[in-house]
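These notes concern the structure reproduced below.
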Amino acid sequence: MKTNKRMFYGTIVTFLLSLILLLQLEIVSVSAQTWDVSARFDTAHCNAFYPFSSTPGEIGKTYYAKLNGSSDNLYTEYHGRECCSSEVGGCGAYGYWGDLYEKDGAIRKGPWVVERKYVDDSTYRILIRGASKADCSCGGNGYVKGEVVVNPDSGWKITSIVKNSVNNDTRGRDVYCDIDKDTGVIKFAGGSTCNGCCCCIDSGEIDIEVIVKRVGGQPVPEFGSLTALIAILLIAPGIACFVARSFHRD
């Protein structure tokens, strides 16, 4: 009778511990599948940035988005004399720089953005682009640094790189564009080549585009449950034995 009682209590304890493990693993699995792409800016000197939204982002904060049919239309661009207008952070459209930009037909990118562009249910374009304001409008030299991640656990993968351009820097700051297709991580930093207080149109400029596709169909929601079940089968006998021996000592 005592042995049966010990085994009964052991079974109950094993079941409860296994249930807790199941819930924890399921939460981890679901959490990994609740976002498809993320963006974080660690530095954005001399302009704002807009990750997946028309609301400006905060430095160091990670923003998450789904690839569920939504598209973003956030990018702006300035042309010629407009590049220097004070309304967009320039030095004044009617001085020397304004004349120069009109003559050269200059084009300057607006604030940094991270955009999702819907192609079809299995394909998206991810665009990371923009530039700083003119140096004379905010002081210092434009610089941007950040990271965008395509979540491989959500069933999406970077399949091709269309653009990977970042501006050079003449002040010793790091500039790079590193794209890892397997992990989905895009790391970028763009600097400035301005040599003084001027209306440079390319400070902090980045222009990155990747194609992402859904691989292997929809993500499998049962993955977490399957992992938990395997773990339970492996540890349950040991737990039951330990509990039974504990009761036996009593």
- Contact list, first residue from region 87-108 and crowded, with 20+ Cβ neighbours inside 10 Å, second anywhere and part of a strand (DSSP E or B), beta-carbon distance below 7 Å, six or more apart or interchain, is R108/Y78
- Query: Just one of the numbered conditions (1) surrounded by fewer than 22 Cβ atoms within 10 Å (Cβ to Cβ); (2) at pLDDT below 95 is not true of K133; which one?
  - Reply: (1)
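The values are calculated or read from the model by the stated rules, or taken from the named source; none is laboratory data. The structure displayed is predicted, hence computed values, not measured ones. As a convention, Cβ positions derive from the backbone with ideal geometry for all residues, glycine included, and neighbour counts pool all protein chains shown.
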